[in-house]
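Just below is one structure, and these are the notes that go with it.
The values are calculated or read from the model by the stated rules, or taken from the named source; none is laboratory data. Keep in mind that this is a model prediction, so the values were computed, not measured. Here the Cβ is made from the backbone with ideal geometry for all residues, glycine too, and neighbour counts use every protein chain on show. Only protein heavy atoms, including side chains, enter the accessible area calculation; ligands, DNA and RNA are left aside. Shrake-Rupley method; radii C 1.70, N 1.55, O 1.52, S 1.80 Å.
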Amino acid sequence: MDIFKNKTYLITGGTGSFGSAVVRRLLKKPVKEIRIFSRDESKQETLRIQLKNSKLRFIIGDVRDLKSLKEACEGVDYVFHAAALKQVPSCEFYPMEAIKTNVIGTSNLVEAVKGTSIKKAIFLSTDKAVYPINAMGMTKALMEKVVISSSKNNTKDKIFCITRYGNVMGSRGSVIPLFINKIKNKEPITITDPNMTRFLMSLDESVNLVFEALQKGKNGEIFIQKSSASSIKNIALALQNILGSKNSQTKYIGIRHGEKNHEVLISREEMLKTISYKSFFKIASDQRDLNYDKYFRVGEKKIQTINEYSSFNTKFLEIHEVIKLLKKQNFVKDEL
């Protein structure tokens, strides 16, 4: 079955970095319609002017509102759920707002999908959902639980699966645009902790992963992109080299509210049921029924000996490798 020809797609949070990248990729396919659902009319208008395509339909709405989601889902075949509150410090100060969007908003979409023609919904998560220490991560971890629980209780004609991402270079949550702006304005680069590490995933790779899940994902599965990593200090030094500002000052400001030193994309516990492919990992779904009697008497006979998959223990890039990687990205080229 062709998953693109004459199909209608809905993208919540479709004006964000990821959402707009998916829109551009889908426009290269023989789709019937792409619905961009978000609450930011300014970004919608900007994207409308940039793309100028009759296949696009822009819908003003909020995932917190079940009614608007239900209306947006009518006649849709596939959904990408990218709408979220993503800024860690903001969620630390307003955790209930993060719950309303990231958890209740996800639950609303699951409810809205019921009784529609939608065949598959893919939900975007983050490394911060693994061993969460901040409100954003906690809400994303709960979001994953909502999706996985729904995949178990869901009718067989619909598939709910997840893609989990680390740092996407140049996206709204990435430090790279901030560093570029500081260098351009001859201001000191502000670094929280030079030894902090982050995955380095391109926007194209993140879109590739969601299309992998679209084509192959089964109920309750989680897809994770394999990525190299770098220290924050090396990222700053690489950008200084690329932009010809090797002597620009660096200021260490300390870890922000809720920040982690290292990104973790797969926990030790999850690694026990993780399948490795060439460019990505897949965490198998546990679709067992809840059986309290068996739960108290019998467990899984596995010894936990596998380390988690983190930005600290994956392939680590030296400065010259980070320079090479960043030069491939259009957001760096645009600044040169």
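Just to be sure I understand, how many residues within region 235-267 are outside any loop (DSSP other than H, G, I, E, B) and either open to solvent by less than 40 Å² (accessible area, probe 1.4 Å) or closer than 17 Å to Lys128 by Cβ (or both)?
Qualifying residue count for the region: 9.
I'd like to check something: does region 99-110 contain any residue that is in contact with a His (Cβ under 6 Å, 6 or more places away or on another chain) and within 28 Å of Met169 (Cβ to Cβ)?
Checked against the condition, which is being in contact with a His (Cβ under 6 Å, 6 or more places away or on another chain) and within 28 Å of Met169 (Cβ to Cβ), region 99-110 yields at least one hit.
Between residues in region 311-331 that are in contact (Cβ under 8 Å) with a residue 12 or more places away in the chain and residues that are basic (Lys, Arg) and buried (at least 18 other Cβ atoms within 10 Å of the Cβ), which pairs lie under 7 Å by C-beta distance while being six or more apart or on different chains?
So the pair list comes out as Ser311/Arg198.
Kindly provide the set of residues from region 7-49 that are among the hydroxyl-bearing types (Ser, Thr, Tyr) and closer than 17 Å to Val207 by Cα, ordered by number.
Matches in region 7-49: Tyr9, Thr12, Thr15, Ser17, Ser20.
Among the listed residues Ser38, Ser107, Ser68, identify the single one that is over 21 Å from Ile224 (Cα atoms), more than 20 Å from the chain's Cα centre (by Cα) and modelled with pLDDT of 95 or more.
Criteria check complete, one pass: Ser68.
On the basis of being of a type in the set (D, E, K, R), outside any strand (DSSP E or B) and within 16 Å of the chain's Cα centre (by Cα), does Lys128 make the cut?
When the stated conditions are applied, Lys128 passes them.
If you check every pair at least six apart or on different chains, which have Cβ atoms under 8 Å apart with a residue in region 239-261 that is under 21 Å from Gly170 (Cα atoms) and hydrophobic (A, V, I, L, M, F, W, C) first and a residue that is part of a loop (DSSP other than H, G, I, E, B) and open to solvent by less than 60 Å² (accessible area, probe 1.4 Å) second?
Every condition considered, the pairs that remain are Ile255/Thr192; Ile255/Asp193; Ile255/Met196.
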